[in-house]
Amino acid sequence: MKVFVFDLVPYDEHLDHLKVGKELPWPLPARHFKPDVAVRTYAEHLTAWETMDRVGYDGVGFNEHHTSPYGLMNSPNLLAAAAAQRTQRLKLLVYGNLLPLHDSLRLAEELAMLDCMSNGRIVSGFARGIPREHNVYGVPLSDSRARFEEAWEIISRAWTEEVFSYEGRFWSYRDVAIWPRPVQQPRPPVWVPVTGSKETIEWAGRHDIPITPGLAPIRGLREDIIRYYAQCLTRHGHRLTPDHLIIQAPVYVADSKLQAVREAGPYLLYFNQTLFSHGNITEASLQRDAGYLSAGSFDYVRPENMHAVSGARERYRDMTMADIERDAEHLPWGTAGEVTERIIAAADHAGAATVLVGMNRGAMPQEMFLEQIHRFGSKVLPALQAHAVSKTPFA
């Protein structure tokens, strides 16, 4: 198995004191921003990624979000450029650039530059982005899907064709040959995160693109996504393999489950209560009304798993430590042995050859994050990397 760490790069100061009722103000005014906190945040995360490189992790991932302390990764490509100069072997997963929001040719060029700067270590993730980002950039939610698919065609052609031209609904280019070109041929690996919408699954199946099945590691929904994805791959002449699947796992290595809950629980609580829904529409019903989701986006999901794609804000905003204690019973939190066993079991069950672990949700202090990088790296990572997933049960 390959092990990547997913890092949201949250603003390194808790802001619960700014809440109005249960929500941070939207927009969050500039007077609450502290430049020294941002400087510290970036410096600490780059140090953490250097540590991952030395310890032996396979990769680090970061994504794109805007106008929120949820994460200071407005440009994941800038983060990848900095990380490329601070690491030697670590894969750099940009997970991902939000295709509907930016000029497609510019993204193709930047990612080609990054692949050269890192000597072929880029994994390029592409995503649509959450409704908040579209509202900030003034992109209609109803155009999100079409813009995503058009941007993908432009980027893939820019990477792989000698010279290309394109006339589209949103972008048009004539007689373009990008320089530089990616080191990895015919293009860097491309992954796509799937929160649940069937249109994204169908797109990934059509283009033979690996996926991360599900926003959260919920077993029933993950099964539904993988089953439907396998059908879509087959429909287009492809075959599901373990390399097609990247599962997520929130991890925390401690001396016991109780200690893990006591130490990591408050930071996960802050993430869910304060950061996750800041300025965003999470409810699937509201996303449908806004045109972001289609009426049938989840019609492949079994009824008993529909709660996992509902996006109910109260599920996050009203979470308590008692909820975290209950959920932790099913998470890879606890001793190194338990963490290892649970991740391997989840990977075997899904048929996934890659795991994307999260170990610092909710602006966890740097010393705790580094300790987890070392503890997981010494006590769990070797066993995971030695484990081979050879079957895809849902194919």
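The values are calculated or read from the model by the stated rules, or taken from the named source; none is laboratory data. Just so we're clear, the structure is a prediction, and the values are computed from it rather than from any experiment. As a convention, Cβ positions derive from the backbone with ideal geometry for all residues, glycine included, and neighbour counts pool all protein chains shown. Surface accessibility is based on the protein's heavy atoms, side chains included, excluding ligands, DNA and RNA. Shrake-Rupley method; radii C 1.70, N 1.55, O 1.52, S 1.80 Å.
Table for the structure above
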| read-out | value |
| --- | --- |
| Residue match in region 73-89 (condition: among the β-branched types (Val, Ile, Thr) and in a helix (DSSP H, G or I)) | no |
| Selected residue [more than 13 Å from residue 132 (Cα to Cα), open to solvent by less than 40 Å² (accessible area, probe 1.4 Å) and aromatic (Phe, Trp, Tyr)] from 270, 292 | 270 |
| Candidates 237, 220, 279 - the one that is assigned to a loop (DSSP other than H, G, I, E, B), over 30 Å from residue 378 (Cα atoms), open to solvent by 10 Å² or more (accessible area, probe 1.4 Å) and touching a residue at least 24 places away in the same chain (Cβ under 8 Å) | 279 |
| Residue identified as small (Gly, Ala, Ser) and under 26 Å from residue 145 (Cβ atoms) among 254, 284 | 284 |
| Residue count, region 302-335 (criterion: aliphatic (A, V, I, L, M), in a helix (DSSP H, G or I) and surrounded by fewer than 17 Cβ atoms within 10 Å (Cβ to Cβ)) | 3 |
| Unique match (being touching a residue at least 12 places away in the same chain (Cβ under 8 Å), closer than 26 Å to residue 394 by Cα and of a type in the set (S, T, N, Q)) among 354, 335 | 354 |
| Given (1) modelled with pLDDT under 95; (2) open to solvent by 60 Å² or more (accessible area, probe 1.4 Å), number of the condition residue 299 does not satisfy | (1) |
| From the options 264, 249, residue that is open to solvent by less than 40 Å² (accessible area, probe 1.4 Å), among the hydrophobic types (A, V, I, L, M, F, W, C) and within 19 Å of the chain's Cα centre (by Cα) | 249 |
| Criterion (buried (at least 17 other Cβ atoms within 10 Å of the Cβ) and either basic (Lys, Arg) or at pLDDT below 95 (or both)) met by exactly one of 358, 362 | 362 |
| Hits in region 101-130 (condition: part of a strand (DSSP E or B) and either surrounded by fewer than 19 Cβ atoms within 10 Å (Cβ to Cβ) or out of contact with any helix residue (DSSP H, G or I) (no Cβ under 6 Å at 6 or more places or on another chain) (or both)) | 123, 125, 127 |
| Some residue of region 180-189 being touching a Leu at 6+ places or on another chain (Cβ under 6 Å) and either touching a residue at least 40 places away in the same chain (Cβ under 8 Å) or buried (at least 17 other Cβ atoms within 10 Å of the Cβ) (or both) | no |
| In region 18-45, the residues that are outside any helix (DSSP H, G or I) and of a type in the set (A, V, I, L, M) | 20, 24, 28 |
| Number of positions in region 131-172 that are closer than 26 Å to residue 195 by Cα, touching a helix residue (DSSP H, G or I) at 6+ places or on another chain (Cβ under 8 Å) and open to solvent by less than 10 Å² (accessible area, probe 1.4 Å) | 8 |
| Residue in region 177-196 that is in contact with a Phe, Trp or Tyr (Cβ under 9 Å, 6 or more places away or on another chain) and modelled with pLDDT under 95 present | yes |
| Candidate set from region 223-234 (those that are among the charged types (D, E, K, R) and either modelled with pLDDT under 95 or closer than 29 Å to residue 268 by Cα (or both)); member that is least open to solvent (accessible area, probe 1.4 Å) | 224 |
